[in-house]
Amino acid sequence: MSKKLRITLKIADRSYPLRILPEQEQAYREAAERINKQIAYFEQYFPIKDRQDSLAMCAISLATPLFQESLADENQKEKNIERLEKIHQTLVEISNNR
């Protein structure tokens, strides 16, 4: 079992101390960097008056692709089930005709 690593991430000019597994460090640091870049983008290109609004927009922009991917996976799963049901039905019909 790995020992937890203490790191501090700075997001939106605030420090967040965390205890994580060493193999998670790179992902956490890259996530914090991406969040900070998104916040800077929203503050530069949109008339945002409050840091809270920047954080909310950042959360939406980063979470939306995850949900889109999940929905696409679910749609593909449904299509695969329909195909398998058709194949099964065909095999049953072939079996009954013998």
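Taking only the C-alpha atoms of segment 1-72, Rg followed by Dmax gives 14.5, 48 Å. Per residue, the chain exposes 88 Å² of solvent-accessible protein surface, assessed with a 1.4 angstrom probe and all protein chains in place.
Determine, for each peptide in 53-65, 71-83, the mean count of other beta carbons within 10 angstrom over its residues, then list the peptides with the highest first. Before the final figure, lay out the partial values.
Details: 53-65: 13.8, 71-83: 10.0.
Taking the mean over residues of other Cβ atoms within 10 Å, the ranking is 53-65, 71-83.
For Arg6, Arg29, Arg19, Arg51, give me the order by solvent-accessible area with a 1.4 Å probe, most accessible first, ignoring ligands, DNA and RNA.
On the way: Arg6 185, Arg29 100, Arg19 135, Arg51 80 Å².
Output order, biggest surface exposure first: Arg6, Arg19, Arg29, Arg51.
Keeping the other protein chains in place, figure out the carbon and sulfur percent of the accessible area of segment 44-98, with a 1.4 Å probe.
Here carbon and sulfur together make up 56 percent of the probe-accessible area.
The values are calculated or read from the model by the stated rules, or taken from the named source; none is laboratory data. Predicted, not measured: the structure shown is a model, and the values here were computed from it. All Cβ positions, glycine included, derive from the backbone under ideal geometry; neighbour counts span all protein chains shown. For the accessible areas, the whole protein counts, side chains as well, though only heavy atoms, and no ligand, DNA or RNA atoms are used. Shrake-Rupley method; radii C 1.70, N 1.55, O 1.52, S 1.80 Å.
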